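For reference, the structure is listed below as structure tokens.
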Amino acid sequence: MTTRALILTSSILGENGQSIALAEHFRSLAAGRDDLEITARDLVADELPHLTQPELASWQMPAGERSAEQRELASRSDDLIRELLEHDVVVLAVPMYNLGVPSQLKAWFDRVLRAGETFRYTENGPVGLIEGKRAVILAARGGEYAGTAMDSQTPHLKGMLGLIGIAEVEVVFAEGLAMGESHREAALKEAKQAIEGLVQAL
């Protein structure tokens, strides 16, 4: 059985980004597996615009009643949700920008977190509609934040994934990357070893 993994990168530094390097390490390991298929989406190169009211309204219009403009707007979300559903594992390579996620990644989440499609509201709160998926977060950070009150990024990402039903989430931290060469090398080495274990387990 083939496992399909969707890798999402969102670093504005391109090939110089450490989160990109972690994603490429994951991808290179997967390349040696016949039972592991990779799809990569660069959310900076293929940038999504900020969500607007007309686009939101296009989702709320029945598909058969949408105008040509509404069909085009709705297709952004429709296509991204379809791509997500076609994969078993979502790999998020995430740099930390000002204690948060890149706006490019947030724009992706704004399209796939969609009431009535990937989650629904109930009297007991929202319930995710996506089943059988798992996620891997590859977190690259200049400082050390994991496990502290300043790490708002990790619970935010887990919360957004959990909203749509993806509760099985593994996090690989590469921290302190701006705290000296030896610290950076040690952190990246440890992160890459953790990635190797995750890929072997897929």
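The values are calculated or read from the model by the stated rules, or taken from the named source; none is laboratory data. All figures in this text were calculated on a predicted structure; none of them were measured in a lab. Cβ placement follows ideal geometry from the backbone for every residue including glycine, while neighbour counts extend to all protein chains displayed. To get the accessible areas, we keep the full protein, side chains included, count just its heavy atoms, and leave off ligands, DNA and RNA. Shrake-Rupley method; radii C 1.70, N 1.55, O 1.52, S 1.80 Å.
What's the angle, to the nearest 10 degrees (0 to 90), between helix 103-112's Cα axis and the longest principal axis of the chain?
Between helix and principal axis, roughly 40 degrees.
State in Å² the accessible area per residue of region 1-61; use a 1.4 Å probe, count heavy atoms of protein chains only, and round to the nearest integer. Each step should come with its number before you reach the end.
Values: 3410 Å² over 61 residues.
Solvent-accessible surface per residue comes out at 56 Å².
Give the cross-link partners of Lys106 among the lysines, using a straight C-alpha distance below 17 Å as the criterion and excluding same-chain residues fewer than 8 apart.
Cα-Cα hits under 17 Å: Lys158.
Show me, for region 41-47, the HN-Hα J-couplings you get by feeding each phi into the Karplus relation (A = 6.51, B = -1.76, C = 1.60, θ = phi - 60°), rounded to Hz, glycine and proline as x.
These are the phi-based 3J(HN,Hα) values: 10, 8, 7, 8, 5, 10, 6 Hz.
Can you tell which of Gln60, Ala40, Leu80 lies farthest toward the positive end of the dipole of region 1-89, using +1 and -1 charges on the Cβ of basic and acidic side chains (Lys, Arg; Asp, Glu)?
Gln60
Return the long-range amide H neighbours of Val136 (sequence gap of 5 or more, or a different chain), with a cut-off of under 5 Å between placed amide H atoms.
Residues meeting the criterion, in which the H sits 1.01 Å from N, are Val90, Val91, Leu92, Glu170.
Express the accessible area of region 123-199 per residue in Å², computed with a 1.4 Å probe while the remaining protein chains stay in the model.
Working: 3920 Å² over 77 residues.
I get 51 Å² per residue for this part.
So what J values fall out for region 29-40 if you push phi through Karplus, 6.51 cos²θ - 1.76 cosθ + 1.60 with θ = phi - 60°, rounded to Hz, Gly and Pro as x?
Residue by residue, region 29-40 yields 5, 5, 4, x, 10, 6, 9, 10, 10, 10, 10, 10 Hz.
So for Glu55, Glu24, Glu72, what's the accessible-area order with a 1.4 Å probe, most first?
Highest to lowest solvent-accessible surface, that is Glu72, Glu24, Glu55.
For the chain, what proportion of DSSP beta bridges, expressed in % and rounded to the nearest 5, is antiparallel?
15 percent
Would you kindly derive the ³J(HN,Hα) couplings of region 162-177 from the backbone phi angles with the Karplus curve 6.51 cos²θ - 1.76 cosθ + 1.60 (θ = phi - 60°), listing them in order in whole Hz, with x for Gly and Pro?
Using θ = phi - 60°, the values come out as x, 4, 9, x, 9, 9, 8, 10, 9, 10, 10, 9, 10, 10, x, 6 Hz.
What is the Cα convex hull volume of region 130-202 when expressed per residue in Å³?
Normalising the Cα hull of region 130-202 by residue number yields 73 Å³.
Running Debye on the chain with equal point scatterers at the Cα sites and no solvent, what base-10 log of I(q)/I(0) appears at q = 0.10 Å⁻¹?
Each listed q corresponds, in turn, to -0.44.
Under unit Cβ charges (Lys, Arg +1; Asp, Glu -1), what dipole magnitude, rounded to 20 debye, does the chain have relative to its Cα centre? Kindly include the intermediate steps, with their values, before the conclusion.
Working: 19 positive and 30 negative charges, 47 e Å.
Here the size comes out at about 220 debye.
Where does region 1-121 land on Rg(C-alpha)/(2.2 N^0.38 Å)?
Relative to the 2.2 N^0.38 Å estimate, region 1-121 comes out at 1.17.
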